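Quick notes on the structure that follows.
The values are calculated or read from the model by the stated rules, or taken from the named source; none is laboratory data. From a predicted model like this one, the values you see are computed outputs, not experimental measurements. Glycine gets a Cβ as well: all are built from the backbone with ideal geometry, and neighbour counts include every protein chain shown. The area values use the complete protein model at the heavy-atom level, side chains included, leaving out ligands, DNA and RNA. Shrake-Rupley method; radii C 1.70, N 1.55, O 1.52, S 1.80 Å.
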Amino acid sequence: MRKLVKPIIVFYVLFIPLVSMGNLKITPSEDVVTVHIYRPKKLVGFAWVFNLKVNGERYDRIKNGDHLVLQFKPGRTTFGIKKKKLSLNLEAGKTYYIRTFIAAGVYIGSLDLIEVTESFAKTELKKSS
């Protein structure tokens, strides 16, 4: 037992500070854009999962009540769900809010996404939590 105490102490003294240095946040050299993508929690369509695409490539899945906070480089970026697309010219240092939802249809709803204001998004996110 005593043989293990010394190596464990050495490990904690030498190795842990090196690992914790990896948690230092380094500000990126390029400006970033923050995009909040959320889906309000609703009873209608609660089991429907959205596949989010960014610039034509599958990025993530959005379930009922989800809220994603993503960071991108500035520039034209296209967000999509199925056939619906929203193209935004993202400006450095700004924050954008995108609401995904099920739009009413004749027989069945369709997926949609729109850009909303910060105040609208925060109000809706409070209700969903």
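If you go through segment 57-80, how many residues are surrounded by fewer than 18 Cβ atoms within 10 Å (Cβ to Cβ) and not in a strand (DSSP E or B)?
The total comes to 4.
Looking for something at positive phi and of a type outside the set (A, V, I, L, M) - is there at least one such residue anywhere in segment 60-73?
First, the residues of segment 60-73 that are at positive phi: 65.
So of that shortlist, the ones also of a type outside the set (A, V, I, L, M) come out as 65.
There is at least one residue in segment 60-73 that is at positive phi and of a type outside the set (A, V, I, L, M).
Out of the residues in segment 81-122 meeting the condition of being at pLDDT 90 or above and polar (S, T, N, Q), tell me which one is least open to solvent (accessible area, probe 1.4 Å).
T100
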